[in-house]
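Read through the structure below, which is laid out as structure tokens, and then see the notes.
The values are calculated or read from the model by the stated rules, or taken from the named source; none is laboratory data. Being a predicted model, the structure only gives us computed values, none of them experimental. Cβ placement follows ideal geometry from the backbone for every residue including glycine, while neighbour counts extend to all protein chains displayed. To get the accessible areas, we keep the full protein, side chains included, count just its heavy atoms, and leave off ligands, DNA and RNA. Shrake-Rupley method; radii C 1.70, N 1.55, O 1.52, S 1.80 Å.
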Amino acid sequence: MRLATLCLLLIGAATTAPAAPRDRIGDELVLDIDKPYVTAKIGQATLLLRVDFASKDVVELNTPAAIRTGLPFENGFEAVIGPISLPGIMARGVIETGGYSAKVQVSNHKRDCCIGADGMIAPDMLPYRTVRLVRAAGPAPGEVVSEQRLDNADGTGLNLLLSTPKGPMRLQLALWQSRSIATAAAGARLAQMGEGRLTGAVFNTPGPFGIDRPSRLLKLGQPVKLGGFRFDQLAMRLGDFRGNLNQPAVSESDSDDILVEGRRKADQFAWPVIYVGRDRLAKCSEISFRRKPDRVTLSCLPPLAAAG
């Protein structure tokens, strides 16, 4: 339950709302993988929502969109990005799109989550059994199709929950990130599995709500394969959710550099997640979600590793 608190679960009673109509679930929704937007109505507002596999188990709205819904918001839950906490509000509502509907929880954190859309929604919250994100050009010769079970038992969002010799790891598909990014805990475990070292200068990577997080490049001496994805290097967020895991060693070529770390928040713990970005997902012509049991199907050119 501590992990759920970390990743946007409800910390308080939700708003009481009138009984919603029975869910009306459609069979399939097909969207452009490069522009996965859906128009939907929530409350009094018609909204443009970004479909995002890395979204949590609420519909997160920008502040103007939340106001337009007319829903009776109450105090909700904190969004936590590393050591930064954003208090939030939430309400219950019904999403309607394409003649189908489903009950949802709606949240806002007084800071916009999304550029070019009113908010974001995970595919399992849409009123469809299947949500397909497809590339207009269609599949390329040599693509491999794979299907994997998805986990969302703790409300952190749809993810591949994997067992490794160094402990559990999670992968979340993050089409809105140009590069794959690991939390500090995920980077620590990757380094243990693949003889990894930190190298190069500290730089910022984008986190939720436009909050930049200090990161560094983690290079692995031995590539690690997780969930069909191959990792030989990726960005690692330095101060986020490492718990008591040791930070990877620094490359000998950078041994004279001084790495300055902020003090870790006392209640932070290990949350090992890799957000798989477009550096790998650009090789996929289709990413499809299907519910009960929740699973994802990938149609991609191998290997699923970052170019260059």
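List of remarks:
- Count of segment 72-101 residues which are open to solvent by less than 20 Å² (accessible area, probe 1.4 Å) and either farther than 20 Å from residue 29 by Cβ or among the charged types (D, E, K, R) (or both): 8
- Tally, over segment 33-69, of residues that are open to solvent by 50 Å² or more (accessible area, probe 1.4 Å) and more than 14 Å from residue 123 (Cβ to Cβ): 10
- All of (1) in a loop (DSSP other than H, G, I, E, B); (2) open to solvent by less than 70 Å² (accessible area, probe 1.4 Å); (3) touching a helix residue (DSSP H, G or I) at 6+ places or on another chain (Cβ under 6 Å) hold for residue 142 with one exception: (3).
- Residue list for segment 204-219, filter: touching a residue at least 24 places away in the same chain (Cβ under 8 Å) and open to solvent by less than 80 Å² (accessible area, probe 1.4 Å): 205, 206, 207, 208, 209, 210, 211, 213, 214, 215, 216, 218
- The set of residues in segment 102-114 that are within 17 Å of residue 71 (Cα to Cα), assigned to a loop (DSSP other than H, G, I, E, B) and open to solvent by 50 Å² or more (accessible area, probe 1.4 Å) contains only 110.
- Members of segment 145-174 that are outside any loop (DSSP other than H, G, I, E, B), open to solvent by 20 Å² or more (accessible area, probe 1.4 Å), within 28 Å of residue 204 (Cβ to Cβ) and out of contact with any Lys or Arg (no Cβ under 8 Å at 6 or more places or on another chain): 170
- Of the strands (runs of 3 or more DSSP E) contained entirely in segment 1-101, those carrying at least 3 residues that are at pLDDT below 95 fall at 79-81, 84-86.
- The residues on offer are 192, 177, and the sole one that is under 22 Å from residue 161 (Cβ atoms), at pLDDT below 95 and either part of a strand (DSSP E or B) or open to solvent by 50 Å² or more (accessible area, probe 1.4 Å) (or both) is 192.
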